[in-house]
Amino acid sequence: MAFWPNSESAKQPQRVHYPAGVDFFEHEFTSVAADELDPFGPDIGDDDLGIDDPETMPRLFQGDIAIDPYTYITLRLGVNPMRHPKRLWPNGTIPFEISPRYEDKEWKLIVQALKTFNALTCVKFVPYDGEADDYLLIEPPEDGPLGCWSYVGKRGGEQVVALQRPDETSAHCFSSEGRIMHELMHAIGIYHEQSRADRDNFVKIHWENIVPRFRKNFKLISRKKGKYSFDYDYNSVMHYGEYYFSKKKGVMATMTPLQPGVRIGQRKTLSKIDCLKINDLYGCLKGRRGKMYRSFCHLLGL
């Protein structure tokens, strides 16, 4: 099967309105109300390009996670959202469509990220055939917030993964394959690493350095102390960097590792534990097949 469906053979999807999570709820899980949204707000701080980080720019839950009613309820009830079957893609198969508005080099980077998941995990991204009820539409944001953002797990219907294209005035999602993989991991069903209930054993949050209205983004998704299948992963592509939502980026760290000599916030590719976590979430670490995927993750994960 070709990795890019023939546009003539695939049905054109019906465009639907998607709630981007900015003004969807007025509660502690949303970041900023719609009338406060400032895509280039100076209170976040500048990155190396002199503009916002593309994962903090959307101003959604934890920066880049769009919230819908079901996700809100599960988070409020303390249900482990990474284990809820309603949010998993059946058989680990994820139909996708890539917007034609991307240029060739951007399209190739998206495809490379998808192929990496297909090679290292039992999750399989397949071209949307026009028939599947649920699928990902990977597109530059227009109606919703700018930057890089996604829902977590399968939401149902046409589901947007927003990846902003490069331009001269805003942050974008094509500086590395890992930027794209971060949002796709959300769509697979993975939350940020630093939102684990045990994170305070591994990182220190500098609350005084966080822009006050974004302190909510550092809340844990669950306060229930449970046993995790994998060690805390400083190297995860899903971990915040040291200056996310800082009052003065590059100077006032909002989060620092408690273990000396480690760095956080890499956006190169999947870590070994990222890879194992995806395979575990979809039940693929058992038996002979499990040995194969474990080997892939340990050999090829960062």
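Condition check: buried (at least 21 other Cβ atoms within 10 Å of the Cβ), in contact with a Phe, Trp or Tyr (Cβ under 6 Å, 6 or more places away or on another chain) and assigned by the TED database to the domain that holds residue 86. Does residue 146 satisfy that? The answer is no for residue 146. Take the residues in the range 248-281 that are more than 18 Å from residue 193 (Cα to Cα) and not charged (D, E, K, R), then tell me which one is nearest to the chain's Cα centre (by Cα). So, considering only residues that are more than 18 Å from residue 193 (Cα to Cα) and not charged (D, E, K, R), the one nearest to the chain's Cα centre (by Cα) is 250. Take residue 107 and decide whether it is at pLDDT 95 or above and under 16 Å from residue 190 (Cβ atoms). Taking the combined requirement at face value, the residue does not satisfy it. Any residue at all in the range 114-132 that is surrounded by fewer than 17 Cβ atoms within 10 Å (Cβ to Cβ), touching an Asp or Glu at 6+ places or on another chain (Cβ under 8 Å) and at pLDDT 95 or above? Looking for residues that are surrounded by fewer than 17 Cβ atoms within 10 Å (Cβ to Cβ), touching an Asp or Glu at 6+ places or on another chain (Cβ under 8 Å) and at pLDDT 95 or above, one finds none in the range 114-132, hence no.
The condition of being surrounded by fewer than 24 Cβ atoms within 10 Å (Cβ to Cβ), modelled with pLDDT of 95 or more, under 15 Å from residue 99 (Cα atoms) and not acidic (Asp, Glu) holds for residue 137. Within 30 Å of residue 227 (Cβ to Cβ) and either of a type outside the set (A, V, I, L, M, F, W, C) or at pLDDT below 95 (or both): does that describe residue 51? No, not satisfied. If you filter the range 156-213 down to residues that are surrounded by fewer than 16 Cβ atoms within 10 Å (Cβ to Cβ) and not assigned by the TED database to the domain that holds residue 265, you find that the one that is nearest to residue 71 (Cα to Cα) is 156.
Within the range 214-233, the set of residues being surrounded by 17 or more Cβ atoms within 10 Å (Cβ to Cβ), in contact with a helix residue (DSSP H, G or I) (Cβ under 8 Å, 6 or more places away or on another chain) and at pLDDT 90 or above comprises 218, 232, 233. Just a yes or no: is a residue in the range 117-134 over 18 Å from residue 89 (Cβ atoms) and of a type in the set (Asp, Glu)? Within the range 117-134, not a single residue is over 18 Å from residue 89 (Cβ atoms) and of a type in the set (Asp, Glu). Scanning the range 284-293 for residues that are at pLDDT 95 or above and within 21 Å of residue 84 (Cβ to Cβ) returns 284, 285. Of the candidates 55, 103, the single residue that is buried (at least 20 other Cβ atoms within 10 Å of the Cβ) and in contact (Cβ under 8 Å) with a residue 12 or more places away in the chain is 55.
Which one is modelled with the lowest pLDDT among residues in the range 243-276 that are charged (D, E, K, R) and under 19 Å from residue 55 (Cβ atoms)? Per the criteria, the residue is 249.
For the range 82-104, the criterion of being basic (Lys, Arg), farther than 25 Å from residue 279 by Cβ, in a loop (DSSP other than H, G, I, E, B) and at pLDDT 90 or above is met by at least one residue.
In the range 242-249, the condition of being without any contact (Cβ under 8 Å) to a residue 60 or more places away in the chain, of a type in the set (Asp, Glu) and under 30 Å from residue 134 (Cβ atoms) is met by no residue.
The values are calculated or read from the model by the stated rules, or taken from the named source; none is laboratory data. This structure is a prediction, so every number in the text was calculated from the model and none was measured. Cβ coordinates were reconstructed from backbone atoms using ideal geometry, including for glycine residues, and neighbour counts include every protein chain displayed.
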